[in-house]
Amino acid sequence: MGARLPGPRGRWLSGNLEAFDQDRLGFLSRAREEFGDLVRFDSRTTIVNDVDLAGIVLRGPDSRFQITEDFVQRKLTAAEIDSILRGRVLLNPGLRRSVVAGMRPVVERLTGEALAATSTEAVDPVPVLEQVTSRAVAAYYFGSDGAALPAMCSALLDALSEVIGNPFALPATWRTSARRRIAERHRALVCLVIELLQARIRDAHGYDDGAALVVRSAAKSTASVTTERLANLVIGAMLAGHRVPAAAASWLLMSLADHPHELEAVRSELDAGRDPSAPAHEARHPHPSPHLLACIRETLRLYPPTWLLARRSACEVELGGRRFASGHHFIISPYVLGRDERRVPQPTSFRPARWQELPAPAASLPFGSGPHGCPGSDLATVMLATIASVALDRFDLERGEGDVVPDPRTTLLPHGLRLRFLLRRTETAPGPSGDLPALTTALPRPGAGSAA
Ligand code: HEM
């Protein structure tokens, strides 16, 4: 590897782990400021602080940099990594922009219900918005059949949060009670999702939902994929579409509440975009409205919910003029990248207009990049834009008392945030009223959308 990379010296035996765990975001931010683009964390781990170098790690090439664990924190073998990559493409057709645009009325209605139910109390918005994101993603994949899934995903995420992000967690091979809980909750989900997928495999044209699209892509694919693998793909997407977008939406609403000028700009844009001749839900939500989109990008730059990414070299690799042995670990923080003053002037300011100027900032990777980059970014953007539109259109937002601190233990959460939603106007929801089941009728017929 040549001369030793610069980095914090750390303590004898525990190295940098303790300092990192005490103040993760501060530790990584200081490491970039003091030591630069490539920083030694320990003999086997390097922190990558430059967006171009991070892009090389995340985009490949040739699978030289690999993920190491699946979503239940199980260490992966090379064959499993390969099978995950081949299976991953099956998720894509259903998550294209043209298809997920059909989710707007679903998200709109769930948001209206969830925010109205807070009855002007100052609430932590994350669990409230999880009700929206988790139900929307479950409805997207399984329609009314998915009603039990949000609670099951929530239970699995709670069990996972005991282990994820805990640098002192025991290895996955140790059957601790936390690991047992993860295994049990994961198994329960796999059993139910396999059952739901089998119904779609038996009757390929009887269902118009996201899972049916996945099943059809699998039938057309040359890669042979087991139903259990398909189930895990869909479960991975449901878990990813649960807390992470709810955290993002909470940061977005907080940023808008804190910047009344930006909030009013979004409101005026939404008002100006109403087209009385358009179908009801489109008339209310002409997406993407550019300023709202800029606010979403700016929020994700400042508060990327997935704030830490990790890869391991599958062979000896070269990065930034340095050589690293096979099995070396690389960590990348979208939080630190997005606040790099060399790429983003005044990086700590919330200034959405920077996304409407040229050149746009090239520092932020909130959705990752490359073969494991987020396949749900379009759905996430639809959800965030719709949640914000409903919140601003029908409610006045008020910040509760107290400071907000980014909590990076798992997903980056706004610890201490309280928001009050005060009704401005009631809305008559378009389409069917009643329970979630009817909502998936909003989805376009499979295959109807062209590639976005
Ligand atoms: C604001 C919302 C979201 C953010 C910020 C986000 C961010 C990310 C990031 C950074 C990654 C890459 C992780 C890595 O490189 O190790 C990722 C992966 C992933 N995301 Fe998202 N995501 C969001 C919403 C969603 C939604 C709504 C879905 C699904 C419906 C989704 C599905 C996935 C899946 C399945 C992966 C794993 C991809 C793989 O490993 O091949 N995400 N997401």
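Quick rundown of the values:
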| quantity | calculated |
| --- | --- |
| Selection from the range 10-39 of residues that are open to solvent by 70 Å² or more (accessible area, probe 1.4 Å) and either more than 27 Å from VAL405 (Cβ to Cβ) or β-branched (Val, Ile, Thr) (or both) | TRP12, LEU13 |
| Test for THR410: is it touching a residue at least 40 places away in the same chain (Cβ under 8 Å), within 16 Å of the ligand (Cβ to nearest atom), more than 19 Å from GLU298 (Cα to Cα) and open to solvent by less than 50 Å² (accessible area, probe 1.4 Å) | yes |
| Selection count where residues are more than 22 Å from PRO260 (Cα to Cα) and touching a Ser or Thr at 6+ places or on another chain (Cβ under 9 Å), scope the range 342-359 | 2 |
| Candidates ARG9, ARG64 - the one that is over 23 Å from the mean Cα position of the chain (by Cα) and farther than 25 Å from SER369 by Cβ | ARG9 |
| Filter result for ALA362 (in a loop (DSSP other than H, G, I, E, B) and under 21 Å from the mean Cα position of the chain (by Cα)) | yes |
| Filtered residues of the range 28-63 (kept if within 15 Å of the ligand (Cβ to nearest atom) and within 30 Å of VAL234 (Cβ to Cβ)) | ALA54, GLY55, VAL57, LEU58, ARG59, GLY60, SER63 |
| Restricting the range 134-165 to residues that are hydroxyl-bearing (Ser, Thr, Tyr) and in contact with a Gly (Cβ under 6 Å, 6 or more places away or on another chain), the residue that is farthest from THR68 (Cα to Cα) | TYR140 |
| Qualifying positions in the range 311-346 - open to solvent by less than 50 Å² (accessible area, probe 1.4 Å) and under 22 Å from the mean Cα position of the chain (by Cα) | ARG311, PHE330, ILE331, ILE332, SER333, PRO334, TYR335, VAL336, LEU337, GLY338, ARG339, ASP340 |
| Identity of the residue in the range 253-275, of a type in the set (Gly, Ala, Ser) and in a helix (DSSP H, G or I), that ends up surrounded by the fewest Cβ atoms within 10 Å (Cβ to Cβ) | ALA272 |
| Residues that are within 15 Å of the ligand (Cβ to nearest atom) and surrounded by fewer than 21 Cβ atoms within 10 Å (Cβ to Cβ), drawn from the range 212-232 | SER217, ALA223, VAL225, ARG229 |
| Residues of the range 105-125 that turn out to be part of a helix (DSSP H, G or I) and either over 19 Å from LEU392 (Cβ atoms) or open to solvent by less than 40 Å² (accessible area, probe 1.4 Å) (or both), as a count | 11 |
| Residues (open to solvent by 10 Å² or more (accessible area, probe 1.4 Å) and more than 9 Å from the ligand (Cβ to nearest atom)) located in the range 233-252 | ARG243 |
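The values are calculated or read from the model by the stated rules, or taken from the named source; none is laboratory data. These figures come from a predicted structure and were not determined experimentally. Neighbour counts run over all protein chains shown; Cβ positions are idealised from the backbone, glycine included. Protein only, heavy atoms only, side chains kept; ligands, DNA and RNA dropped before computing areas. Shrake-Rupley method; radii C 1.70, N 1.55, O 1.52, S 1.80 Å.
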